[in-house]
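The values are calculated or read from the model by the stated rules, or taken from the named source; none is laboratory data. All values reported here derive from a predicted model rather than from experimental measurement. A quick note on method: Cβ atoms are made from the backbone with ideal geometry, for glycine too, and the neighbour counts reach across all protein chains shown.
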Amino acid sequence: MTSDNTASGKRKPTGIAKWFMQSPKWIFRARLGFVFGSRFLLLQSIGRRSGMVRQTPLEVAHYDPDRDEYIVASGTGVKADWYRNIQANSAVAIWIGSRRYPTAQRFLPTEEAVAVMKGYEREHPKTAARLESMMGVSHDDTPESWLAMMEQIPMIGFTPDRATSTQHTR
């Protein structure tokens, strides 16, 4: 999950906080992404205004082996720069470990996002609690509250094209 303006009006991190949140990018660039296993990926997208290549480290909320799909959440909601970039221009690629894969993307329907988030909460309760707190959202275990919460936390699935992978070189 990345930093950006949140629904609660928080500003993007700067200084050491920004460096810490971006540190996975440098690890991927050093061809050491394998240390993350499948917990993080590096998203390559095109800036919606600049047209420049952007790289964003993202935590994988769920990996679906049947679909070979990596699902991530926009931890700062619909205003995250990377999220708005892939809305304007489909993602170019994802890096998993030291391999780059062209990718297809899909925006999960809210009901499916609820199921993924429930699994994420079971596997990573503290991280999920921090995400919900940062976003200023919560749920009371009713279906309605889960749906309302996940309207604020969009989820995107990325499916790598493994037939055309390349070694990560940057």
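The conditions are (1) outside any helix (DSSP H, G or I); (2) touching a residue at least 24 places away in the same chain (Cβ under 8 Å), and residue 149 fails exactly one of them. Which is it?
Against the list (1) outside any helix (DSSP H, G or I); (2) touching a residue at least 24 places away in the same chain (Cβ under 8 Å), residue 149 comes up short only on (1).
Looking at (1) at pLDDT below 95; (2) farther than 26 Å from residue 45 by Cα, can you tell me which one residue 115 breaks?
Of the numbered conditions (1) at pLDDT below 95; (2) farther than 26 Å from residue 45 by Cα, the odd one out for residue 115 is (1).
Take the residues of the stretch 44-75 that are buried (at least 16 other Cβ atoms within 10 Å of the Cβ) and of a type in the set (Val, Ile, Thr): which is modelled with the lowest pLDDT?
56
Among 114, 78, 92, which is among the β-branched types (Val, Ile, Thr) and loosely packed, with under 15 Cβ neighbours inside 10 Å?
On inspection, the qualifying residue turns out to be 78.
Taking residue 99, is it in contact with a strand residue (DSSP E or B) (Cβ under 9 Å, 6 or more places away or on another chain), modelled with pLDDT under 90 and within 30 Å of residue 164 (Cα to Cα)?
Here the answer is yes, as residue 99 does meet what is asked.
Please indicate, with yes or no, whether at least one residue in the stretch 128-142 is in a strand (DSSP E or B) and within 20 Å of residue 24 (Cα to Cα).
No, every residue in the stretch 128-142 fails to be in a strand (DSSP E or B) and within 20 Å of residue 24 (Cα to Cα).
Quick one: residue 146 ticks every box in (1) buried (at least 21 other Cβ atoms within 10 Å of the Cβ); (2) of a type in the set (A, V, I, L, M, F, W, C); (3) modelled with pLDDT of 90 or more bar one, so which box is it?
Result: residue 146 passes all but (1).
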